[in-house]
Amino acid sequence: MDTLADLLAKAWKVRRASFPDEIIWSLPLDTAVLSLTGEDCALDCAHCGGVYLRSMRPIWDSEPDGSTSCLVSGGCDPQGRVPVLVHLDRVRAWRAGRRMNWHVGLISEAEITEIAGLVDVISFDFVGDDRTIREVYGLDRTVEDWVQAYRLLRRHARVVPHVTIGLRGGSLGHERSAFDRLEELGVDALVLLVFVPTPGTRYAGCEPPPVDAAVRLIAEARLRFPASRLILGCMRPRGPYRSRLDELAVRAGINGIVSPSRTARQAAEERSLAPWAQRECCAFESPRR
């Protein structure tokens, strides 16, 4: 097995061969985060427990503002689907002049057909093994259900899969299988996240995966998806963990980072990467300067 330094060097070489010397700093201040269900979710997932819904704005109690885009999300029903057809009148009120990124879960074809005109991009959490699905989401579903949903969504919209490193309480296991399936299915852009132990959830007492192990997976993703834009997303631990993760992610050939740390900015400067800012959700395509 390659040392981490050797793996980073290989990943950096691939990045330099595939992309210009620039990097995206995403600060999603202009994206309104809306929940179709308020704080309600039927799943009570082990890593979330509805905690993250509390920071979203209930769509029925919010008015269009100065934002230039929206993240339309919400809790899931018992089958793992976000009820995307509720409050469509409110979604349309927000649509005018704004791009929309949706979280939809295991959506049906009738549902995606109904909302397709309101979608610019779909962020789809992709999971690579059945054990993780059962333990994290509590669903009696399989990876094949995720594969079918991903294929369905790509027929109707641009889809950016998200893979959370250490999703099962900080334990690694589903990530390389997720990469395997996404290689088969095709990926234009990929967002990588890292498990965060969150108070009030069943995984609150867990630890995030070792930072070097997370970075190794980021570098492997760069090698597996040489022409795909790779983004280090907003969900990742803070503090010293984030400082080291961000720096090494730059060395691993990441194309962009949400809310980058000082170490990421320094690493990009050392590698002569020209930064440019994006004030919306990282899943949106951004015009180059």
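Read the figures in this text as sums done on the coordinates, not as results from a lab. Bear in mind the structure is a predicted one, so any value in this text is a computation, not a measurement. Reconstructed Cβ throughout: ideal geometry from the backbone, glycine too, with neighbour counts over all protein chains shown.
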For Ile122, which sequence-distant residues (separation of 5 or more, or a different chain) have an amide H within less than 5 Å of its own amide H, given hydrogens modelled in the peptide plane?
-> Trp102, Arg158, Val159, Val160
Just need the relative contact order of the stretch 1-86 here, percent rounded to a whole number, with Cα pairs under 8 Å and 6+ apart.
-> 33
Per residue, the convex hull enclosing the alpha carbons of the chain has a volume in Å³ of 124
On Cα atoms only, tilt of 143-154 relative to the major axis of the chain in degrees = 80
Given charges of +1 on the Cβ of Lys and Arg and -1 on the Cβ of Asp and Glu, with all other atoms neutral, how large is the dipole of the chain about its Cα centre, in debye to the nearest 20?
-> 840
Whole-Hz ³J(HN,Hα) from phi, Karplus 6.51 cos²θ - 1.76 cosθ + 1.60, for the stretch 19-34, glycine and proline x = 9, x, 7, 8, 9, 9, 9, 9, 10, x, 6, 9, 10, 6, 9, 10
For the stretch 251-267, just list the computed ³J(HN,Hα) in residue order, Karplus coefficients 6.51, -1.76 and 1.60, θ = phi - 60°, integers in Hz, with x standing in for Gly and Pro.
-> 5, 7, x, 5, 8, x, 9, 7, 6, x, 7, 4, 5, 5, 5, 5, 5
Take every Cα pair under 8 Å in the chain that's 6+ residues apart, average their separations, divide by the length, and report that relative contact order as a whole percent.
-> 25
Enter the angle in degrees (range 0 to 90, nearest 10) between the Cα long axis of helix 211-224 and the first principal axis of the Cα atoms of the chain, meaning the one along which they spread out most.
-> 90
Placed amide H near Ser26: partners under 5 Å, 5+ positions off or other chain = Ile257, Val258, Ser259, Gln278
